[in-house]
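The block underneath contains the structure these notes are about, expressed in structure tokens.
The values are calculated or read from the model by the stated rules, or taken from the named source; none is laboratory data. What you see is a predicted model, and the numbers here were worked out from it, not measured in a lab. In this analysis, Cβ positions are derived from the backbone assuming ideal geometry, glycine residues included, and neighbour counts consider all displayed protein chains.
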Amino acid sequence: MADDFQVWVFGDHRNFFQDRLTLQVLAQARRLADKRKGLAVVVLLGHEVDDIAKEYIAHGAHRVLKIDHPLLANYQVDLFTSTICDLIHEHGPDIFLLGGSDFGRELAPRVAKRLKVGLCADCIELELDSETGKLTASSPAFGGSVVAGIAWSESRPWMATISPGIFKEQGHNESFRGEIVRVEKNIDEAQIRVRTVSSFREPKQARPLEDANVVVAGGRGMKDVNGFHYVRELAMMLGGEVGATRPAVDEHWTSHDNLIGQTGKSIKPRMLITCGTSGAIQYTAGIKEAETIVAVNRDPHAFIFQIADLGVVADANSFLPALIAEIKGHQFQEIAELYRASRTQEDIGGDSTFGRRIKSLREDRKLTTGQLASQTGETPEFIDRVEKDTITPPVSFLLQLARAFDIDPSNFLSKQEKIEIGEKRHESFFKRTQDYSYRTLTAGAADKHLRAFMVTIEPKKRHKIVEYKHPGEEFIYVMSGELEITLGSKAHHLKPGETIHFNSETKHRLRNICEEKCELIAFSTPPERIV
Ligand SMILES: Cc1cc2nc3c(=O)[nH]c(=O)nc-3n(C[C@H](O)[C@H](O)[C@H](O)COP(=O)(O)OP(=O)(O)OC[C@H]3O[C@@H](n4cnc5c(N)ncnc54)[C@H](O)[C@@H]3O)c2cc1C
């Protein structure tokens, strides 16, 4: 045991200047050490870390124990565990605190197990008992529904991890004095059982969560990382950012940067859609400034409904996919309308144009013009001109866009239009041959430049093959079945999701080559407007 009362902190410096967790823990270590006129000591393992050691001193460390070695440049849990255990055996600290980062959570239980000492995870309060002198802590338990009081036995060090954001760091103070002690240690490479092949920093959000106009947040109710993906997708569809409650972050469904609440970020979006979140006070502390809150929870009594402007009692894992599909259909219909208007130079009112809308949809999806160009088979210059409305792209571009934006082109028409088409069925639905039918999706638009048809070819092996030739260009998107299309003398086979774009002046023959019904959407346009 050391002569002085020593409170040790693990110096996690991977994201030193961004993640201040170690400094928050250090502030607690200093407070506890000062109570007993002891020492706050940071254990710093790494390579070429002198600046970091000085930073710890400026933030309140009395001493930094530094082991500098190239093999310690990257975090490696086996090596770090044994090195720290050796140091603890040699110096005998009283308390050892670690930040509750991924690495801290991995390292702390290993060290505690080897030393056979007690470890309390995710502490929110630490104190030295005035009578016994022992460390006591508070820690949330049972999913945060209770806060447990924790005390340690005699065996030292008393170990604890501290969640990010619970405590404040002590400001940088150049006048603080402390010592940096270089510790020489044989680092045994044989202990490294996992090698870091590469590491990279996750890209920053396009717009900080705190400034986002739309936030879609997910909580434990999203169930798993796949469920949380709906939160991400809805945020993307709406051009918003992703937020999360603590359990979603702890489960690694999203990064800590997206945490909302008392220990995370405070947001002030115009709209917050919060899904599978109960409305715990520590979370709602961060959403007080949201203008409109829409909550989705399957429990009608969930507290979140008390602060929501609009409540949806539903299973979020069913509701979100349905909502996303609805938005996708609407978005395709909207760009098709703007496209029609741009081709016919029709004024449809409002500020939006085809180009502007494409730009905003691209930006919502965080795609660069280069990325959209490669996904649509065009050049960045072409995309730029489309977005500036200086060219009207060919009709085929519309379906390439739908694919790039992951929106469903089969929802080409609004419900209302579908009803109208239903009523006009007799005039818009024709049987061409015994086994081939098509329905116009743009009823009453025979004179318009863009026409869309739903074509069904029955699954008969020996039906009459349909052959066409008409001016303009055509674009076919296969929804189901398998299509053989012969253009001139060349046959092409298309499976569901595949498309073909061709000059419709070329003779084209359609044939269903499978046993099921083949359904496709065909877009056609006369040639005069094509740029
Ligand atoms: C000191 C301290 C600080 C904290 N700081 C924060 C903080 O900054 N931010 C934070 O978020 N938390 C924080 N917490 C944790 C907080 O107390 C709550 O535990 C947490 O916010 C709960 O997250 P949740 O709503 O996702 O999970 P839960 O409270 O478990 O709620 C899940 C909800 O999902 C619903 N649900 C389940 N399945 C479905 C489904 N299929 N469809 C729809 N709904 C469903 C349930 O009805 C329930 O209401 C802190 C805790 C402490 C002690």
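Tallying residues that are free of Cβ contacts under 8 Å to residues at least 60 places away in the same chain and not aromatic (Phe, Trp, Tyr) within region 41-96 yields 17. Only a single item in (1) away from the ligand (no atom under 16 Å from the Cβ); (2) modelled with pLDDT of 95 or more is not met by Gln28, and it is number (1).
To keep it simple, each residue is scored yes or no on (1) in the same structural domain as Ser266 (by TED's automatic domain parsing); (2) among the aromatic types (Phe, Trp, Tyr).
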| site | (1), (2) |
| --- | --- |
| Gln282 | yes, no |
| Ala302 | yes, no |
| Ile307 | yes, no |
| Ala325 | no, no |
| Gln331 | no, no |
| Phe354 | no, yes |
| Glu363 | no, no |
| Thr369 | no, no |
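The residues in region 71-102 that are assigned to a loop (DSSP other than H, G, I, E, B) and among the small types (Gly, Ala, Ser) can be counted, and the count is 4. Determine whether region 240-254 contains at least one residue that is without any contact (Cβ under 8 Å) to a residue 24 or more places away in the chain, part of a helix (DSSP H, G or I) and within 19 Å of Asn226 (Cα to Cα). Yes, some residue in region 240-254 is without any contact (Cβ under 8 Å) to a residue 24 or more places away in the chain, part of a helix (DSSP H, G or I) and within 19 Å of Asn226 (Cα to Cα).
Of all residues in region 213-255, those being farther than 18 Å from Asp299 by Cβ, out of contact with any strand residue (DSSP E or B) (no Cβ under 7 Å at 6 or more places or on another chain) and small (Gly, Ala, Ser) number 1. Between Asp12, Asp50, Asp3, the distinction of being of a type in the set (D, E, K, R), surrounded by 18 or more Cβ atoms within 10 Å (Cβ to Cβ) and farther than 17 Å from Leu135 by Cβ belongs to Asp12 only.
The set of residues in region 286-307 being near the ligand (Cβ under 7 Å from one of its atoms) and either closer than 20 Å to Pro208 by Cα or part of a strand (DSSP E or B) (or both) consists of Gly286, Val296, Asn297.
Restricting attention to region 261-285, the residues that are hydroxyl-bearing (Ser, Thr, Tyr), buried (at least 24 other Cβ atoms within 10 Å of the Cβ) and near the ligand (Cβ under 6 Å from one of its atoms) total 2. Of the helices (runs of 4 or more DSSP H) that lie entirely inside region 314-381, those containing 2 or more residues that are crowded, with 17+ Cβ neighbours inside 10 Å, among the aliphatic types (A, V, I, L, M) and in contact (Cβ under 8 Å) with a residue 12 or more places away in the chain span 316-344, 354-364.
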